[in-house]
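The values are calculated or read from the model by the stated rules, or taken from the named source; none is laboratory data. None of these values were measured; they are calculated from a predicted model. Cβ atoms come from the backbone with ideal geometry, glycine included; neighbour counts cover every protein chain shown.
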């Protein structure tokens, strides 16, 4: 199956700093990428949808200036948590979908990135 | 908003079949049903998907009712490693996860 890789898998940072998480599709062109956030014992919450070369579409309640998403190429999307605070500590997961294999819209997920803000 | 409804939790004895139901009564004609599972602290793993016919792969079987308003994921011989949260998603442009079913396989 298609592979999506996230980096870093975990990160600890001080309050007020910014953290960048990368999401790469290794063997396919990701026309659309999705970013999710998951708090302990809760479901995945969709944060934003991004298409290559376009601005991301954010879900209601997600601050676009705080969670910067860039999808500059068909294989890479980044999520930058700016001025991180302890309440931003969470598990961030990216996923991608592609149309280049006439698929049915299956999502391919990264391994997730655990952010801890001290 | 999630377009699916699933029971919060289920238990299953090891070696027995685990049947996980999902209601998606507002599904439209061209929307697929996808099943994923998430083992603790990992990204979700694809299991199976279908449109209207029943599907089977090496992991599971998917039974979709004729009116497509509900489906059942079947793990034919559950093992302890199948303990996870199982999510049923109806394919739309936005992939919204519901609360899922927490399956616990008991030894």
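Observations on the model:
- Segment A:58-69, residues that are surrounded by 13 or more Cβ atoms within 10 Å (Cβ to Cβ) and either under 18 Å from residue A:86 (Cα atoms) or more than 14 Å from chain B (Cβ to nearest Cβ) (or both): A:62, A:64, A:66, A:67, A:68, A:69
- Being under 10 Å from the mean Cα position of the chain (by Cα) and surrounded by fewer than 16 Cβ atoms within 10 Å (Cβ to Cβ) holds for only one residue in B:30, B:19, and it is B:19.
- Any hit, segment B:41-56, residues being assigned to a strand (DSSP E or B), at the interface with another protein chain (Cβ under 10 Å from one of its Cβ atoms) and at pLDDT 95 or above: no
- Qualifying residue in segment B:79-87 (condition: touching a residue at least 60 places away in the same chain (Cβ under 8 Å), within 14 Å of another protein chain (Cβ to nearest Cβ), within 29 Å of residue A:47 (Cβ to Cβ) and touching a strand residue (DSSP E or B) at 6+ places or on another chain (Cβ under 6 Å)): yes
- For segment A:58-93, filtered to residues that are touching a residue at least 60 places away in the same chain (Cβ under 8 Å) and assigned to a strand (DSSP E or B), the residue that is farthest from residue A:24 (Cα to Cα) is A:81.
- Where strands (runs of 3 or more DSSP E) fall wholly inside segment A:1-57, the ranges with 3 or more residues that are crowded, with 19+ Cβ neighbours inside 10 Å are A:19-25, A:32-38, A:45-51.
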